[in-house]
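Below is one structure; the comments refer to it alone.
The values are calculated or read from the model by the stated rules, or taken from the named source; none is laboratory data. Since the model is a prediction, treat every value here as computed from it, not as a measurement. Cβ placement follows ideal geometry from the backbone for every residue including glycine, while neighbour counts extend to all protein chains displayed. Just so you know, the surface numbers come from the protein's heavy atoms only, side chains and all, with ligands and any DNA or RNA stripped out. Shrake-Rupley method; radii C 1.70, N 1.55, O 1.52, S 1.80 Å.
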Amino acid sequence: MRILTDEEITALISEPKIVTANWFSRLEAKDKAHFQHKEKEVDIEGDNGNLYRVIIRQNKLNVLDFSIILTFREKDSNLEYNLLRFNGKHPSAHTNKWEKENKLQEYRFSPAFHIHKATQRYQENGYRIDGYAEVTARYSDFHTALNQFLLECNIKREDDGAQTSLFEGGGF
Amino acid sequence: MNFESLEKEFKNKICDEISLAQEGLNRFIVFNPFMFDDGDHLVVLLKGKEDKWLFSDEGHTFMHVSYDDIDLDRGTRKKIIDTVLSNYGIKNLEGELITEIPDNQFGDALYSYLQGLIKITDISYLSRERVKSTFMEDFEAFIEEKVSPNRRIFNYNDNEHDPDGKNMVDCRINGMTHPLLVFGIQNDDKCRDVIITCLQFEKYGLPFRSMAIFEDQESINRKVLARFSDVCDKQFSTLATNKDRISKYLSEIIEENK
């Protein structure tokens, strides 16, 4: 795997990704047999031709426990890079390993809505690309998280120059 | 620092890493220092149910491991998981991992439960890039998902011309004018075997179409691949990145050749 630079990561996340109006309905997660979560994965292409996948997981036993992930799929290989992950408030802490190793303050936080973001420093130091996370107040449940995720990943309807809320746009 | 002071500090530091916080009725978060690869800590909840205490992950562990697009419900991975759960006395209730705590032995039960969860998180290391042996399982699972049981035969051989099964086909898809012979290819040896099989089927005079899915086509010797390209009708360079294309191709060919 190659190392994605911070600039590259930011550019990939913000690359416009135009989808059809009915694309949003494909995001509805389905029960995964024999497991306590729902899941969904939907492919998407950016304006510059880059390939992405939106991955959704929702815990059926705890509605606050969910993940919405943007993955970058490198062409002509089977390599995938998690760029952004909007996590719910799962009942456990999170530790930013690089910050802990470098003795920085506040490397750990208690259960909270949080966002994992790919960073160059985590890759360069042998950690998972999306090992860094920070607490967020930008959403408070799955639906607000999904709306915010679509906004920040620049996923837009083809017939709508401005970002349309999922709920206004005929989503689920 | 004398031994007693050292021991005291040692115990304090270790104990500080484990704590409880109540969240709901008879439901307590067990904070612990053990983590997934991404820095999220393992989810452990202490719950009181019908005069008993138990630990539960409320289905989080499998959900977290599934972020990496790993199929946990079949093949090698399932066997490993079943063994781990059995070894550590953990029950799998449709994806929720629980262990009952006998006689309030919270410590023993917690250590055992955490060990089991850690072993399960290690399944991530069996990702498609790290363990080649799961490729054929993934291949079969994919075909099972895309082709109905009455249209497919795994591990097919032509009984009339090859009763000993020397030229095996990973999956034969039926119901069309010409059957589709599908092969999963992990390495040069398998690629050579498939060349021979396709040539033998030609020799038998049996009409067929062929399709191959490589684990990683780039790893195949160029000369072998060149010969292979002469005999195979359709190739996909990997399974992981071509699922949509393979699915579309299968649908089209099955419909067109009814």
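Within the stretch A:85-92, one or more residues are within 30 Å of residue B:240 (Cβ to Cβ), over 13 Å from the mean Cα position of the chain (by Cα) and free of Cβ contacts under 8 Å to residues at least 60 places away in the same chain. One residue stands out in the stretch A:30-47 among those that are more than 10 Å from chain B (Cβ to nearest Cβ) and under 15 Å from the mean Cα position of the chain (by Cα): the one that is farthest from residue A:72 (Cα to Cα), namely A:40. Would a scan of the stretch B:175-198 turn up a residue that is over 30 Å from residue A:53 (Cβ atoms), among the aliphatic types (A, V, I, L, M), open to solvent by less than 50 Å² (accessible area, probe 1.4 Å) and in contact (Cβ under 8 Å) with a residue 40 or more places away in the chain? Checking the stretch B:175-198: at least one residue is over 30 Å from residue A:53 (Cβ atoms), among the aliphatic types (A, V, I, L, M), open to solvent by less than 50 Å² (accessible area, probe 1.4 Å) and in contact (Cβ under 8 Å) with a residue 40 or more places away in the chain. Only residues that are under 26 Å from the mean Cα position of the chain (by Cα), among the small types (Gly, Ala, Ser) and at pLDDT 90 or above were counted across the stretch B:221-250, and they come to 2. Do any strands (runs of 3 or more DSSP E) entirely within the stretch B:171-258 hold 3 or more residues that are under 19 Å from residue B:142 (Cα atoms) and touching a helix residue (DSSP H, G or I) at 6+ places or on another chain (Cβ under 6 Å), and if so, which? The qualifying strands (runs of 3 or more DSSP E) are B:180-185.
In this structure, is residue B:82 more than 10 Å from every other protein chain (Cβ to nearest Cβ) and open to solvent by 80 Å² or more (accessible area, probe 1.4 Å)?
Considered against the rule, which asks whether it is more than 10 Å from every other protein chain (Cβ to nearest Cβ) and open to solvent by 80 Å² or more (accessible area, probe 1.4 Å), residue B:82 comes out as no.
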